[in-house]
Amino acid sequence: MYIAENSIHDEFRGMIRRFARDKLLPFAAEIDRDKRPPVEGFAAAAELGLQGLPYPERLGGQDGDMLSQSIMVEELARVCASTSLTISSCWIMMAVVDFGTAQQQQDIVPQITRDGGKCAWGLTEPKGGSDLMAAATRAEKGDGGWVLNGTKRFITNGGWADWYLIFARTSEKGFGLFLVNKQDAGVSFGAPERKMGMRGSPTSDVILEDVFLPDDRLLGDPAKGAAYIVEELTRSRIHMASHALGIAAGALEEAVSYTEDRSQFGQPISRFQMVRGMVADMAIRVESARALLHRAAMMVQDNHPDAKMQASIAKVACSDAAMAVTTDAVQLHGGYGYLEDYPVERMMRDAKVTQIWEGTNQIQRLMIAKEVYDARR
Ligand SMILES: Cc1cc2nc3c(=O)[nH]c(=O)nc-3n(C[C@H](O)[C@H](O)[C@H](O)COP(=O)(O)OP(=O)(O)OC[C@H]3O[C@@H](n4cnc5c(N)ncnc54)[C@H](O)[C@@H]3O)c2cc1C
């Protein structure tokens, strides 16, 4: 039931593949080396309206389904994981569509779909990311609004984004989601983190010191932020799984091409059985991860009761595939794979974080196991 891209999805994939090759590939190595945001790729994507893909047409978006979103992220990450992440981070504000008022939607979403606005979300804190419910950032209710204090750590697009979706404690046990603008008084940013990979994607602390937000910057119910975030994380796990899959697919392609070009013992190394076995295993990992991912994407689209677990399964499968396939791709390049001159070196560095963020793969496995046991009751 939950399978397959139709011809529209096929055509879309082809279009995004050509776009990525023409507009992202020329800058992929450069932004990694210079550790700078992907301004060229971001602007080119905005011209096509890619930042608006999941948003409703009435708000300037394209009403793209989950499968289209997955295909887009995969194809962009296939050539440049940093640019792909920067663009898909703009989809975080779907939370405003899901839980915001009509006015909030009108105020925020067109800035993203039409005006090149950039987004981020702040869940993780210095004391921890896995134990989200231990978050210490506080939002105190005051006259006509809320006052936020706290620090969010490892925030993708920190300092670069215009809008931040901030998860903050509103009572002893309750959390809210708040819309914070870069220009709000009391908002500042830490130094850019120096990372192993994803170097073209800015990451920094977001520091909130007595940030006053009027009431209309609270999203929905001040006690339901945790439930909202679980819903948004289910969708974003599909995006992050797609991102990881794209890195794996790109590395496989590089490995196939290199092994056909490189000769040893008087013949292309692609003729050696051990090399072919590795390539076959890489292809199996990519194809099986994609099948799981597409199934999960369609289940999320349909609000299937098992969608959350399937999104976790896809996240683990795709990110574990990314790490394994990129490592093998480096291996198949021999010594050259260890040099910055070949993209597989960057791909292997970019792959690692896909097992860490968006709920580490250990946390995903805990969640999957819980669902498996609960299903017996
Ligand atoms: C490049 C980058 C970008 C990021 N972008 C964002 C962002 O945009 N927004 C955001 O909010 N966060 C972001 N993060 C944060 C990321 O989501 C967290 O790093 C991640 O959730 C893990 O949290 P932690 O680093 O505090 O590790 P910890 O929670 O301290 O975990 C450390 C280790 O302990 C393991 N562990 C923890 N608890 C358990 C348990 N119960 N059982 C078994 N093992 C456990 C973990 O799996 C991990 O291996 C980003 C991180 C990076 C590196």
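Observations
- Listed by first and then second residue, the pairs linking a residue in the range 321-349 that is closer than 18 Å to Ser82 by Cα to a residue that is among the charged types (D, E, K, R) and buried (at least 24 other Cβ atoms within 10 Å of the Cβ), with Cβ atoms under 7 Å apart and 6 or more places separating them unless they lie on different chains, are Arg346/Asp32.
- Counting the residues of the range 28-60 that are touching a residue at least 40 places away in the same chain (Cβ under 8 Å) and part of a loop (DSSP other than H, G, I, E, B) gives 9.
- Count of the range 149-196 residues, restricted to those that are open to solvent by 50 Å² or more (accessible area, probe 1.4 Å), among the hydrophobic types (A, V, I, L, M, F, W, C) and in contact with a Ser or Thr (Cβ under 7 Å, 6 or more places away or on another chain), is 3.
- Looking at the range 89-188, the strands (runs of 3 or more DSSP E) lying wholly inside it that each contain 3 or more residues that are among the aromatic types (Phe, Trp, Tyr) and either at pLDDT below 95 or within 16 Å of the ligand (Cβ to nearest atom) (or both) sit at 163-169.
- Listed here are the helices (runs of 4 or more DSSP H) enclosed by the range 288-377 that have at least 2 residues being open to solvent by 50 Å² or more (accessible area, probe 1.4 Å) and aromatic (Phe, Trp, Tyr), and there are none.
- When Asp320, Asp341, Asp350 are screened for being more than 18 Å from the chain's Cα centre (by Cα), of a type in the set (D, E, K, R) and modelled with pLDDT of 95 or more, only Asp341 passes.
- For the range 266-287, a residue qualifies if it is outside any helix (DSSP H, G or I) and either in contact with a helix residue (DSSP H, G or I) (Cβ under 9 Å, 6 or more places away or on another chain) or among the β-branched types (Val, Ile, Thr) (or both), and the qualifying residues are Pro268, Phe272.
- Among (1) under 27 Å from Asn303 (Cα atoms); (2) out of contact with any Asp or Glu (no Cβ under 9 Å at 6 or more places or on another chain); (3) not in a loop (DSSP other than H, G, I, E, B), the one test that Glu232 misses: (2)
- Failed condition for Phe212, given (1) open to solvent by 10 Å² or more (accessible area, probe 1.4 Å); (2) under 30 Å from His294 (Cβ atoms): (2)
The values are calculated or read from the model by the stated rules, or taken from the named source; none is laboratory data. Values in this document were obtained by computation on a predicted structure and should not be read as measured data. Every residue, glycine as well, gets a Cβ built from its backbone with ideal geometry; the counts of neighbours run over all protein chains shown. All accessible areas refer to the heavy atoms of the entire protein, side chains included, with ligands and DNA or RNA removed. Shrake-Rupley method; radii C 1.70, N 1.55, O 1.52, S 1.80 Å.
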